[in-house]
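Report on one structure; see the data block that follows.
The values are calculated or read from the model by the stated rules, or taken from the named source; none is laboratory data. Worth saying up front: this structure is predicted, and the values here are computed from it rather than measured. Cβ placement follows ideal geometry from the backbone for every residue including glycine, while neighbour counts extend to all protein chains displayed. All accessible areas refer to the heavy atoms of the entire protein, side chains included, with ligands and DNA or RNA removed. Shrake-Rupley method; radii C 1.70, N 1.55, O 1.52, S 1.80 Å.
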Amino acid sequence: MPHGTLERSAPSFMRQGPTPRAQLILYSALALFLMVADARFRMTEPIRNVVATALYPVQWLMLQPVEFLGRSTNYVESLEAAQAQTRQAQRLLLEASLRANQLEELELENERLRQLLELRTRTKVSARAAQILYDTADPYSRRVVVDAGQTSGVEPGSPVVDALGVLGQITRVHPFYSEATLLIDRDQAIPVVNVRTGQRGVAFGDPVLSHGGGMELRFMQASADIEEGDLLTTSGMDRVYPPGLPVARVVRVERRADLAFARVYCKPLARVQGARHVLLLSPAVNDLPAAEIPLEPARADKSEKKDKKDKKEKARP
């Protein structure tokens, strides 16, 4: 024993009570008994209820900071969403103000659109709805197959349009389906007219333009009045496409001093890559009155010869 200290604990031979090992065995047996009793007979259920009731106020107090934080976060998010909606409404208001400032230009454009609509209403064209089934397997052509054929009254040469503009033309008709060649096919050409200037031209397909397909307005003079953004519509000169149908929009104009013609590249308005539902129009020549349909040269010659022969027979005594 250290000097100046007094040992107050009892000597080891005077200590009484269970040993630590005995206590471990006792408590383990008690815990096992309680677990079995609770699982089999629900003996600790009342004790659990009492403890849960006593601890409920403590749990409620501990959950209050978490709930307060959640409500604060929701408030901040709602405030940010309201501010974003306010900014969007202000932006839309500014855009509407800008549109209102361009009233004269819009009125002029509406007048031209009214003229196009009047022209389109004067041209009576019958239409038939169809659905594009798939693209053809030919890698050197741009064609699609539609689910309407001879049994549906489809004729070769019928224009194919979607909601945005001219898509192509029926080039092969089968009994129950037809093949339509798109405008971007290299063998396709369509007479068009510039809505802004009224100048006519012919647009040819260009399947390689921008790797997505386009069109080229060829044989246009280098000094021709054509600009980027000009709208091209069908002119109806070929008597296949009704006049006034949207075809393409000019995207680039290249003029060179050593060339007499300009290179005019156009982008089709129709969805040549993702169209699903289309309209098949009857060729415009079928909707013309009988007096406006030109006679074939052979038939015209035969008619003239027959008239002359009748006159000679009548002149004979």
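Rundown of residues vs (1) β-branched (V, I, T); (2) at pLDDT 90 or above; (3) touching a helix residue (DSSP H, G or I) at 6+ places or on another chain (Cβ under 8 Å), yes/no style:
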{"position": "A189", "(1), (2), (3)": "no, yes, no"}
{"position": "V195", "(1), (2), (3)": "yes, yes, yes"}
{"position": "R200", "(1), (2), (3)": "no, yes, no"}
{"position": "L231", "(1), (2), (3)": "no, yes, no"}
{"position": "R239", "(1), (2), (3)": "no, no, yes"}
{"position": "A248", "(1), (2), (3)": "no, yes, no"}
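Checking the conditions here, which among D238, D258 is over 27 Å from the mean Cα position of the chain (by Cα), within 15 Å of G201 (Cβ to Cβ) and open to solvent by 10 Å² or more (accessible area, probe 1.4 Å)?
Criteria check complete, one pass: D238.
From the residues in the range 153-177 that are among the hydroxyl-bearing types (S, T, Y) and touching a residue at least 40 places away in the same chain (Cβ under 8 Å), which one is farthest from V278 (Cα to Cα)?
Once the filter is applied, the top-ranked residue is Y177.
Under the condition of being aliphatic (A, V, I, L, M) and in a strand (DSSP E or B), which residue from the range 192-221 is farthest from G274 (Cα to Cα)?
Looking at the filtered set, the residue picked out is M220.
Please enumerate the residues belonging to the range 130-148 that are outside any strand (DSSP E or B) and surrounded by fewer than 17 Cβ atoms within 10 Å (Cβ to Cβ).
Within the range 130-148, T136, A137, D138, P139, Y140, D147 meet the criteria.
Tally the residues that are touching a Gly at 6+ places or on another chain (Cβ under 9 Å), under 14 Å from L217 (Cα atoms) and in a strand (DSSP E or B), restricting the search to the range 228-248.
Residues meeting the conditions: 5.
In the range 174-191, which residues are under 20 Å from G236 (Cβ atoms), open to solvent by less than 10 Å² (accessible area, probe 1.4 Å) and not in a strand (DSSP E or B)?
Once the filter is applied, which keeps residues that are under 20 Å from G236 (Cβ atoms), open to solvent by less than 10 Å² (accessible area, probe 1.4 Å) and not in a strand (DSSP E or B), the range 174-191 yields only L183.
Going through T151, T123, T73, T171 one at a time, which residue ends up being surrounded by 10 or more Cβ atoms within 10 Å (Cβ to Cβ), of a type outside the set (K, R), under 30 Å from Q188 (Cα atoms) and modelled with pLDDT under 85?
It is T123.
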